[in-house]
Amino acid sequence: EQVDQTYIMVKPDGVQRGLVGEIISRFEKKGFKLTGLKLFECSKELVEEHYKDLKQKLFFPKLIDYITSGPVMCMAWEGVGVVASARKLIGATYPLQAEPGTIRGDLAVQTRRNVVHGSDNPENGKHEIGKASYAILRTCQWNPTSWADYI
Ligand code: DAT
Ligand code: MG
């Protein structure tokens, strides 16, 4: 059982629509561990590097404009199989194809405004958190405290 890290980012529409709590809640309830969190306004350069694999796509300039249009909530999540599991919780890229019960299936209709980003493989998870960490977030190590410790 491999413990992985994934980079989850609530996109500007998700922050503006007040969906941050809802999204955090879904990952918490599933059983994953939040290890880094910061509200951040991305520079164009950082977003271009984050989405560099899509540079040739016609929608790339609009994607960059959109992600830099307002604050995003950057998060690092940790757990067994978290990368693939988070992708399942998020749902398909195109919200109309995303199953009900997924974040995009329940909360989005527009492809660009699909509410949330999740790393697509464990290597990218580490990379994206690493890339983010000098600019946006510091990850921390913690273990859930048992209730007995509060008494
Ligand atoms: P995902 O976010 O599911 O990993 P992706 O990495 O292929 O999807 O694309 C990144 C984002 O780019 C995606 O969340 C929304 C936008 N995007 C993808 N395909 C698009 C399209 N055909 N038209 C407009 N935006 C698109
Ligand atoms: Mg992707």
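The values are calculated or read from the model by the stated rules, or taken from the named source; none is laboratory data. Computed from a predicted structure; not experimentally measured. Every residue, glycine among them, receives a Cβ derived from its backbone with ideal geometry; neighbour counts consider all protein chains shown. The protein model used for the area step is the full one, side chains on, heavy atoms only, and it has no ligands, DNA or RNA in it. Shrake-Rupley method; radii C 1.70, N 1.55, O 1.52, S 1.80 Å.
Determine, yes or no, whether Glu48 is open to solvent by 50 Å² or more (accessible area, probe 1.4 Å), part of a helix (DSSP H, G or I) and touching a residue at least 12 places away in the same chain (Cβ under 8 Å). Criteria met by Glu48.
For segment 1-26, the candidate set comprises residues that are away from ligand 1 (no atom under 16 Å from the Cβ), of a type in the set (A, V, I, L, M, F, W, C) and open to solvent by less than 50 Å² (accessible area, probe 1.4 Å); within that set, the residue that is farthest from Met73 (Cα to Cα) is Ile24. Being charged (D, E, K, R) and in a loop (DSSP other than H, G, I, E, B) is a description that applies to Lys57. Residue check: Ala132 meets all listed conditions (1) touching a strand residue (DSSP E or B) at 6+ places or on another chain (Cβ under 6 Å); (2) surrounded by 17 or more Cβ atoms within 10 Å (Cβ to Cβ); (3) not in a helix (DSSP H, G or I) but one, namely (3). Taking segment 67-97 only, how many residues are small (Gly, Ala, Ser) and away from ligand 2 (no atom under 14 Å from the Cβ)? Here the count works out to 6. Checked against the criterion of being open to solvent by 30 Å² or more (accessible area, probe 1.4 Å), in a helix (DSSP H, G or I) and not hydroxyl-bearing (Ser, Thr, Tyr), the candidates Ala84, Ala92 yield just one match: Ala84.
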